[in-house]
């Protein structure tokens, strides 16, 4: 059974039953054998195409999918796939290597070689599928990387996960004029994520301005709670001048200082929504504000109310950003990650 979704969620499909899931994943990836002992098996998928790249958000109950030796011969595909876990865990087998993964980790697979993936109940992954030649590495190196963990601590992997989340969460296809730019950016971030596995961990991947912007935004979100963090620190991290960093941020919206302040305020709003009365000073400090009065003024400019007033209104009903990152059925709501839109809200 397949369930279509309304036009605003055009790329999402939900299915029930092994045969329906087998048909869906074969169409989105490569022909696969599906095995499950779940009598009420369910799966869901959302996909975004960026040129000849495909980004999929995939979730299901417990299942094993396999690319058999026979299917690689009868239906060869010169593609590779990078999978990034959002939830759950799994085990991969390819080229004699067995690897286990949990939330936050990732792995690479060669679509032209047999493999097997076993997923736990309640799993959810992001999958980037691309033509083999885009990796620009030898067959020997690819064989060394498949069914091996891409460390979840790697900054490049986290930037890529955030970027792909935003793309797949869009409620419609990318505008035609953005396709080439986003295609190149996706490949660049992929190369940066795999760079430590191919080369020395102490070397850095070369990045264009768009990749620096994506990486700098992620860096700010990770380190925003440090009150000592400055725009100069961010520029230094990526070995560019402050002027260059500000130029990149200006391409999509607020500058780095404004972006840092907005990330801090959004963090403070989340804490206010769940915190107890009388914690405004502590919340200001936990969000990266060294002075509570500065925090209150900034919060009022952003939300039109003091932190205490805003928290009381939130207790009476949902306010801005209340949706957060929730799940709708099997799939998480990743819409908050779409920074490709100039109106992106951190």
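The values are calculated or read from the model by the stated rules, or taken from the named source; none is laboratory data. All of these numbers come straight from a predicted model, not from anything done at the bench. Every residue, glycine among them, receives a Cβ derived from its backbone with ideal geometry; neighbour counts consider all protein chains shown.
Structure above, values below:
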item	result
Single match in 251, 217 (criterion: under 22 Å from residue 174 (Cβ atoms), surrounded by fewer than 18 Cβ atoms within 10 Å (Cβ to Cβ) and at pLDDT below 95)	251
Residues satisfying the stated conditions in segment 156-180, i.e. surrounded by 15 or more Cβ atoms within 10 Å (Cβ to Cβ) and more than 12 Å from the chain's Cα centre (by Cα)	170, 174, 179
Elements of type strands (runs of 3 or more DSSP E) in segment 66-175, at least 3 residues being in contact (Cβ under 8 Å) with a residue 12 or more places away in the chain and closer than 22 Å to residue 54 by Cβ	79-87, 89-94, 106-110, 115-119, 123-131
Residues being surrounded by fewer than 19 Cβ atoms within 10 Å (Cβ to Cβ), in contact with a helix residue (DSSP H, G or I) (Cβ under 7 Å, 6 or more places away or on another chain) and under 26 Å from residue 42 (Cα atoms) - total across segment 95-139	1
Top-ranked residue in segment 69-94 [being over 23 Å from the mean Cα position of the chain (by Cα) and under 17 Å from residue 143 (Cα atoms); ranked as surrounded by the most Cβ atoms within 10 Å (Cβ to Cβ)]	94
Scan of segment 254-284 for residues that are closer than 30 Å to residue 315 by Cβ and surrounded by fewer than 17 Cβ atoms within 10 Å (Cβ to Cβ), ordered by number	254, 258, 270, 273, 274, 275, 276, 277, 278, 279, 281, 282
Condition check for residue 222: within 19 Å of the chain's Cα centre (by Cα) and in the same structural domain as residue 290 (by TED's automatic domain parsing)	yes
